[in-house]
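The values are calculated or read from the model by the stated rules, or taken from the named source; none is laboratory data. Bear in mind the structure is a predicted one, so any value in this text is a computation, not a measurement. Note that we place each Cβ from the backbone using ideal geometry, even for glycine, and neighbour counts take in every protein chain shown.
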Amino acid sequence: MRWHNHEGFTYVEQLIGLSIVSFIILLFTNLFLLIQTDVHYSNGDVIRFLNHINQDVKEADMIRWQNQALEIIIDGAVISYELRMESRIQRFKDKKGLVILLDDVATFHCAPPLSDHQFYGQLHCSITLETGQQFERLFVSTKEWVHAYQTFR
């Protein structure tokens with residue numbers, strides 16, 4: 001291995017260059033983490049929250065919006081999701097326990113889908129974050145929907 005080569009870069013020069021580039025990349029990633037201190041949540045948090053509700057709704061015997069809370073009844077147990085303390089959505093099971101699922105929420109509301117027909121076992125929920133971002137999802141309780149279909153058929 002020669003230390004000086006007029007035909008191109010030597011191995012030492014390549015290693016030094018690679019080390020400098022790696023150091024700069026690591027420095028910038030840490031700098032971006034320091035700058036990004038305002039964000040307390042991400043879209044992923046809201047998506048995970050909505051997916052968590054969806055898992056409960058899949059097993060639900062009945063879902064309803066009552067007393068400003070989303071109530072999901074599974075095998076006689078009432079699981080409720082409520083906007084509390086002005087900005088937190090909390091989960092309770094039979095009015096016991098406390099699990100904070102989402103922070104920085106401005107509004108949380110659910111209602112049956114708007115239509116001329118009655119849709120049993122369906123709720124349209126919307127979440128507005130304090131940043132103004134809005135998320136919506138339609139939840140369908142299969143058990144409740146099938147039961148209503150069999151009853152009216």
Exercise. Picking from GLU71, GLU86, which residue would you name as being among the acidic types (Asp, Glu), within 15 Å of CYS110 (Cα to Cα) and assigned by TED's automatic domain parsing to the domain that holds LEU102?
Worked result: GLU71
Exercise. Applying the selection to segment 84-115, what residues are touching a Phe, Trp or Tyr at 6+ places or on another chain (Cβ under 6 Å), farther than 19 Å from ILE73 by Cα and free of Cβ contacts under 8 Å to residues at least 60 places away in the same chain?
Worked result: PRO113
Exercise. For residues in segment 73-108 being at pLDDT 90 or above and of a type in the set (Ser, Thr, Tyr), which is farthest from ASN43 (Cα to Cα)?
Worked result: SER80
Exercise. Which members of segment 85-94 meet the condition of being surrounded by fewer than 16 Cβ atoms within 10 Å (Cβ to Cβ) and out of contact with any Asp or Glu (no Cβ under 7 Å at 6 or more places or on another chain)?
Worked result: MET85, GLU86, LYS93, ASP94
